[in-house]
Amino acid sequence: MGSPAEFTEYDTRLAAYAVIVDDQDRVLLALWNEPEEPLWTLPGGGVDLHESAEEGAVREVREETGYDVELDGLLGVDTLVNAPDERILSSERWQKNVRVVFRAHVVGGELTKELDGTTDEARWIPMADVRGLERIGLVQKFVG
């Protein structure tokens, strides 16, 4: 099956994530539980219809980690295209994932697990240990 050309022929998912590094050179990651083998990811996820990417990133970090954060700037935008048979939820349409990644820092809250969500836990990981983790490409691109 060939890739569609027109934007009306595929689904687009806007998501926002945060790279949060503490003063001990640790990065905050979340364990994504939807793949067959869980993978470490940046805290973040889908942006709701009436949210900005910034609002979505702050909300998602709070949901997945328990922390309140302030954004410190845009790190970049990444896109990933999934064929219909690669999508988490069954579909006959291709999907383009547009992922906006911000730098952020913790301003409140405390580390907690997301309940009934797409992540099982959040954890501070030493930067030196990140390369040894089973992680998604987004972590590889923006953290290491």
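Summary table
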read-out: ARG131-SER3 pseudo-label distance in nm [points 7 Å out on the Cα-to-Cβ vector]; value: 3.0
read-out: Amide H contacts under 5 Å for LEU39, placed H, 5+ residues apart; value: TRP32
read-out: Pairwise FRET efficiency - THR12 versus ASP78, Cβ, R0 = 22 Å, nearest 0.05; value: 0.95
read-out: Efficiency of FRET between GLU121 and ASP25 - r from beta-carbon atoms, R0 25 angstrom, step 0.05; value: 0.75
read-out: Amide H contacts under 5 Å for THR118, placed H, 5+ residues apart; value: none
read-out: Highest to lowest packing among 94-101, 122-129, scored as the average C-beta count within 10 Å; value: 94-101, 122-129
read-out: The chain, relative contact order [Cα under 8 Å, separation at least 6], %; value: 33
read-out: 0 to 90° range, to nearest 10: angle between helix 53-65 axis and the chain longest Cα axis; value: 60
read-out: Amide hydrogen neighbours beyond the local backbone of GLY109, cut-off 5 Å, H modeled; value: ASP68
read-out: Structure-derived Cα Rg over 2.2 N^0.38 Å: which label, when the choices are (i) 1.05; (ii) 1.23; (iii) 1.19; value: (i)
read-out: Low-density loop cleavage sites - GluC sites (Glu not before Pro) in the range 82-144, where at most 14 other Cβ are within 10 Å (DSSP); value: GLU92, GLU110, GLU134
read-out: 3J(HN,Hα) from dihedral phi, the range 72-84, Karplus parametrisation 6.51/-1.76/1.60, rounded to Hz, x for glycine, proline; value: 10, x, 7, 8, x, 10, 10, 10, 9, 9, 10, 5, x
read-out: Charge dipole of the chain about the Cα centre (unit charges at C-beta), most positive-ward option of GLY117, ALA57, LEU138; value: LEU138
read-out: Size of charge dipole - the range 7-142 - debye, nearest 20, with Cβ of Lys, Arg +1 and Asp, Glu -1, no other charges; value: 400
read-out: Antiparallel %, DSSP beta bridges [both residues in the chain], to 5; value: 70
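All of the numbers you see were taken from the coordinates with simple rules; none came from a lab. Since we're looking at a predicted model, the values are computed, not measured. When we count neighbours, we look across all protein chains shown, and the Cβ atoms used for this are built from the backbone with ideal geometry, even at glycine.
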